[in-house]
Structure formats: C-alpha cells, structure tokens
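Enquirer: Encoded as structure tokens, here's the structure I'll be asking about.
The values are calculated or read from the model by the stated rules, or taken from the named source; none is laboratory data. Only a predicted model underlies this, so the values are computations on that prediction, with no experimental measurement involved. Positions of Cβ are backbone-derived with ideal geometry, glycine not excepted, and every protein chain shown enters the neighbour counts. The area values use the complete protein model at the heavy-atom level, side chains included, leaving out ligands, DNA and RNA. Shrake-Rupley method; radii C 1.70, N 1.55, O 1.52, S 1.80 Å.
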Amino acid sequence: MTPAFQFEVRAEPTPLVNKTVELLQRHLKERCGIHAVAVEGAGQPRLVLDVRPGVGTEGFCIEDGPAGGVRIVGNDERGLLYGLGKFLRSSRFEEGSFIPGTWRGRSLPEKPLRGIYFASHFHNFYHDAPVWEVQRYVEELSLWGLNALMVWFDMHHFNGMGDPTAREMIDCLRVILRAGKGAGMKVGLCLLANEAYANSPVELRSDPRTGRAHYGVELCPHKPGARELMLHWFDEEFAAFSDIGLDQIWIWPYDQGGCACGECKPWGANGFLIMAEAVADVFRRHSPSGKAILSTWLFDFRKDEGEWRGLAEAFAKPPAWLDYILADSHEDFPAYLLTHPVPGGLPLLNFPEISMWGMYPWGGYGANPLPRRFQRLWDSVGQMLSGGFPYSEGIFEDINKAIISQFYWNGKTKAEDAVREYVAYEYSPDVVEDVARAIQILE
C-alpha cells in the first residue's frame with residue numbers, strides 16, 4: 001500500500017493556493033512515491049498550510065505544530081508558495097519515505113522584483129522542449145522565490161504577425177507566460193526599441209555603424225513612416241498577449257538594434273529614448289498599470305560615446321513614463337553606475353549572465369557553476385538593486401539560478417550557502433560537502 005502524508009489547507013482555495021498544494025503533492029509523489037492527502041478537521045495533519053498577514057509582503061513563517069507537525073504560514077498567497085519551497089528544500093526525500101524539513105523561522109524577501117529571463121528564441125531548452133516541460137520548470141523556479149518572468153518575441157525571425165511561424169511562437173510564449181501567472185509571477189515581454197521583422201522596408205532601415213546591429217533589419221525612427229510602422233507592430237504584439245495581463249515590458253537598445261545616423265546618435269541617449277517612450281505609451285494602452293523597464297545593455301560599449309552621460313541629462317527630471325532601469329554587462333557591472341547615481345533616481349535592476357559566460361561558441365557548451373564569480377559581482381552592486389532578471393538559456397544552469405534567487409531574497413546570503421541548500425534538495429543532504437567541493441573544482 002502506498003504511504004500517505006496528511007496535510008490540511010486552512011487558506012482560501014484560490015488558484016495560487018491550489019497550485020501550491022499541487023506542487024506539494026507532485027514533489028512527494030515523484031520524489032519518494034508518497035501520496036500527499038488533504039484532510040479537513042480530522043486528526044493531526046503533519047503539515048498545515050495557511051495564509052495570515054503579519055510577516056510582510058511575500059514573506060512566510062515555518063513553525064512547529066501540534067503533535068510534531070509543521071505549519072507554513074504565508075503573509076499572502078505568494079508567501080505560502082515560497083514557504084513551501086523553503087520547507088521542501090530542507091526536507092529529506094527517499095523512496096517510500098518523506099522526512100519533513102527542520103528549518104524554522106520567519107523569512108521576508110529583500111528585493112521586490114526577483115525575476116528570470118528565458119531567452120526563448122535560440123533553439124535552446126525553452127524554444128525546443130515540449131512546452132509542458134517548460135511550464136513545469138517555471139513552477140519549480142517559483143519555489144525558489146522568483147516572482148517575475150520575461151520572454152522575447154524576437155521579430156527578426158519572422159515576416160510579420162501573419163507569418164505562421166510567428167503565430168506558432170506566440171502560442172508557445174503565451175503558454176509559458178500563463179504558467180508564470182499560475183505560479184504567482186508577474187510576466188512580461190522583452191523588445192528592442194527599433195525592432196523590425198525580417199522583411200522590413202529596406203529604405204527605412206537603420207544605420208548599422210554602431211557595430212551592435214546583428215541582423216540589419218531594424219528601422220531608423222527618424223525616417224518618415226518608420227516610427228509609425230514600428231509602433232503598429234508593437235501594438236499588434238501587445239494585443240496578441242493582452243488577455244494574459246502583461247505586467248511589464250523591457251525596452252532594449254542592443255545586442256541587435258540601435259541606429260548610428262546623425263539624428264539618432266548617441267543612440268542610448270537620443271533615438272533610443274524617443275522610441276522607448278513611444279513604445280511604453282502603446283504598451284499602457286493595453287496594460288494601464290504595467291511597468292516599463294529601460295535596459296542600458298551595452299551602453300558606451302567600446303568607448304565613452306556619451307550614452308550614460310546623455311541618459312543622466314535626459315532624466316534630470318525623472319521620466320513619468322518609466323519605472324525601472326536595468327543594467328549589466330558581459331563582464332563586470334557598468335562602471336558608470338558604481339560612481340554615479342542611477343539616472344532619474346529610478347530603481348535599478350541587474351541582468352546577470354548565468355548561462356554562457358566564458359563559453360565559445362555561444363550556446364555550444366552550456367554553463368559552468370560560478371558561485372565565486374556571482375558572489376564577487378553581488379558584493380559590488382547588490383545593495384544598489386531592487387532585484388533583477390538573470391539571463392537564462394535553459395535548465396543546465398539551474399544551480400546558478402538558485403544562487404541568484406537567494407541573493408534577491410536575502411542580500412546577505414552567501415553563494416556557498418545557496419549551493420549547499422541546492423545540493424541537499426536536488427541530490428541528498430548526505431552528499432552536500434562532496435558535491436559543493438566538486439562545484440568549487442569546476443569553477
């Protein structure tokens with residue numbers, strides 16, 4: 001007879017509470033063959049799930065219950081989900097046996113926006129895996145306290161919204177974003193400020209001399225008709241996702257993207273901002289309460305082109321249309337922000353490279369665990385941040401996601417402690433030191 005684990009839900013059975021219960025049952029069934037059975041008002045359940053304000057937004061409390069049981073109390077629905085994640089990570093799973101975790105205490109997230117970006121357009125895991133696997137993976141990440149998810153409908157692959165392959169991609173991204181919503185995440189889209197389709201009008205295309213326009217199909221917003229055409233494309237894109245309820249957009253200057261013509265340069269402080277504000281306005285027609293995030297990726301890439309200085313001047317008065325600035329780099333965090341205030345005094349997000357750093361060819365080998373590197377970077381900028389979105393290409397850097405997620409949850413977390421928690425959960429508490437040492441050797 002299959003053993004059973006009794007639990008009781010005292011919170012209102014909202015969709016997110018029900019998802020939390022589903023994840024509890026899935027983990028016990030798949031990891032140790034035990035059925036988690038909900039009971040109500042009978043006997044002494046070994047676990048009680050409840051929601052009761054008091055800990056703080058998205059926080060939780062895990063405490064002893066009667067007769068050796070455990071109570072997980074979320075301040076809200078998300079807090080209950082994150083509390084379950086902590087409980088599971090401190091538990092022991094063996095075939096036919098589940099030993100509840102011993103961690104007790106209160107925990108409250110430090111950074112309000114704790115996200116992940118799926119680079120879903122390179123024929124990587126997110127692009128090519130069965131979509132149900134990606135859905136389940138989104139739910140797994142939510143147990144680590146991640147509360148936001150971004151994807152990209154990369155236009156340059158397609159010949160307009162009517163392209164069947166474009167519709168196929170939109171359908172896939174919609175499923176992924178719905179999974180994020182179902183796991184309590186804020187969801188959104190990444191886009192380039194002057195993004196365009198593969199068949200964009202040649203006469204409207206941008207000047208590519210920035211050296212960062214990889215595909216050459218992007219448009220120059222100063223050419224007559226180009227801005228209106230791009231805004232029409234973005235309006236179509238937002239409409240395709242409007243029923244999901246987008247919470248945010250990222251507006252990017254590069255990798256591809258940008259224009260080096262005399263009217264647009266320096267792109268990051270000129271043509272980029274013209275387009276970004278217009279795109280944010282179109283987005284809010286579809287999502288009035290949505291947040292706009294401005295990326296500064298590759299600003300002043302090879303030299304001081306005036307992008308950071310120009311952005312600070314443009315935002316001398318904080319822009320009403322913008323909510324966050326996102327910044328990071330392939331190597332170290334942008335030096336400008338280590339010595340200057342964030343332009344406009346806006347909340348700052350990071351974009352840590354957790355997938356492909358140091359790898360060649362890009363996408364060819366997968367990630368290495370990099371706890372020491374992440375710790376060094378976090379120590380230099382963590383106190384400045386309101387959160388961030390690691391760049392991810394698949395499941396192969398799962399441990400790197402765990403490390404960054406715990407930085408966002410508690411800025412004082414040490415990478416080595418996050419590694420140990422991950423190893424105990426994904427392998428066994430019995431091999432924590434051995435596997436942690438192997439990870440040190442790999443790095």
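Enquirer: Does segment 153-172 contain at least one residue that is within 16 Å of residue 394 (Cα to Cα) and aromatic (Phe, Trp, Tyr)?
Expert: no
Enquirer: Can you name the number of the only condition in (1) open to solvent by less than 20 Å² (accessible area, probe 1.4 Å); (2) within 19 Å of residue 192 (Cβ to Cβ) that residue 306 fails?
Expert: Condition (2) is where residue 306 drops out.
Enquirer: Further question on the same structure: If the Cβ limit is 6 Å and pairs must be 6+ apart or interchain, which residue in segment 232-244 that is farther than 10 Å from residue 282 by Cβ pairs with which residue that is in a helix (DSSP H, G or I) and of a type in the set (A, V, I, L, M, F, W, C)?
Expert: Partner pairs satisfying both residue conditions: 240/170; 244/177.
Enquirer: Out of all the residues in segment 207-223, which are hydroxyl-bearing (Ser, Thr, Tyr) and surrounded by fewer than 22 Cβ atoms within 10 Å (Cβ to Cβ)?
Expert: 215
Enquirer: Of the numbered conditions (1) touching a residue at least 24 places away in the same chain (Cβ under 8 Å); (2) surrounded by fewer than 20 Cβ atoms within 10 Å (Cβ to Cβ), residue 339 satisfies every one except a single condition; which is it?
Expert: Here residue 339 meets the rest and fails (1).
Enquirer: In segment 368-385, which residues are part of a helix (DSSP H, G or I) and either of a type in the set (S, T, N, Q) or open to solvent by 10 Å² or more (accessible area, probe 1.4 Å) (or both)?
Expert: 371, 372, 373, 375, 376, 377, 378, 379, 380, 383, 384
Enquirer: Same structure again: For segment 52-89: of the residues being surrounded by fewer than 18 Cβ atoms within 10 Å (Cβ to Cβ) and in a loop (DSSP other than H, G, I, E, B), which is nearest to the chain's Cα centre (by Cα)?
Expert: The selected residue is 57.
Enquirer: Still on this structure, I have one more. For segment 224-264, enumerate the residues that are of a type in the set (Gly, Ala, Ser) and either surrounded by 16 or more Cβ atoms within 10 Å (Cβ to Cβ) or closer than 21 Å to residue 321 by Cα (or both).
Expert: 226, 239, 240, 242, 245, 257, 258, 260
Enquirer: Let me ask you something else. Filter segment 180-206 for residues that are over 20 Å from residue 277 (Cβ atoms) and either among the polar types (S, T, N, Q) or open to solvent by less than 10 Å² (accessible area, probe 1.4 Å) (or both) and give the result.
Expert: Of everything in segment 180-206, those that are over 20 Å from residue 277 (Cβ atoms) and either among the polar types (S, T, N, Q) or open to solvent by less than 10 Å² (accessible area, probe 1.4 Å) (or both) turn out to be 180, 183, 184, 185, 187, 197, 199, 200.
Enquirer: Continuing with this model, one more query. Tell me which residues, restricted to segment 265-297, are touching a strand residue (DSSP E or B) at 6+ places or on another chain (Cβ under 6 Å), open to solvent by 10 Å² or more (accessible area, probe 1.4 Å) and either under 14 Å from residue 227 (Cβ atoms) or polar (S, T, N, Q) (or both).
Expert: none
Enquirer: Only residues that are assigned to a helix (DSSP H, G or I) and open to solvent by 10 Å² or more (accessible area, probe 1.4 Å): list them for segment 405-424, please.
Expert: The answer is 406, 409, 416, 417, 420, 421, 422, 424.
Enquirer: Return yes or no: is residue 171 surrounded by fewer than 17 Cβ atoms within 10 Å (Cβ to Cβ) and modelled with pLDDT under 95?
Expert: Against the criterion (surrounded by fewer than 17 Cβ atoms within 10 Å (Cβ to Cβ) and modelled with pLDDT under 95), residue 171 does not qualify.
Enquirer: Moving on. What about residue 388, is it open to solvent by 40 Å² or more (accessible area, probe 1.4 Å) and either modelled with pLDDT under 95 or within 16 Å of the chain's Cα centre (by Cα) (or both)?
Expert: In short, no.
Enquirer: Taking the conditions exactly as written (surrounded by fewer than 19 Cβ atoms within 10 Å (Cβ to Cβ), touching a residue at least 40 places away in the same chain (Cβ under 8 Å) and on the phi < 0 side of the Ramachandran plot), does residue 332 satisfy them or not?
Expert: So residue 332 passes the test.
Enquirer: Okay, next question. Got a sec? Which of 156, 127 is over 30 Å from residue 386 (Cβ atoms), in a helix (DSSP H, G or I) and either touching a strand residue (DSSP E or B) at 6+ places or on another chain (Cβ under 7 Å) or not aromatic (Phe, Trp, Tyr) (or both)?
Expert: 156 is the lone residue from the list that is over 30 Å from residue 386 (Cβ atoms), in a helix (DSSP H, G or I) and either touching a strand residue (DSSP E or B) at 6+ places or on another chain (Cβ under 7 Å) or not aromatic (Phe, Trp, Tyr) (or both).
Enquirer: Could you tell me which residue of segment 425-443 is most open to solvent (accessible area, probe 1.4 Å), considering only residues that are outside any loop (DSSP other than H, G, I, E, B) and within 14 Å of residue 89 (Cα to Cα)?
Expert: My answer is 430.
Enquirer: Also, quick follow-up: Any residue in segment 114-125 that's without any contact (Cβ under 8 Å) to a residue 12 or more places away in the chain: show its pairings with residues that are outside any strand (DSSP E or B) and of a type in the set (Ser, Thr, Tyr) at Cβ separation under 6 Å, as long as the two are six or more apart or on different chains.
Expert: As it stands, the answer is none, since no pair meets every condition given.
Enquirer: Can you report the number of residues in segment 20-65 which are in contact with a Pro (Cβ under 7 Å, 6 or more places away or on another chain) and among the β-branched types (Val, Ile, Thr)?
Expert: Selection size over segment 20-65: 2.
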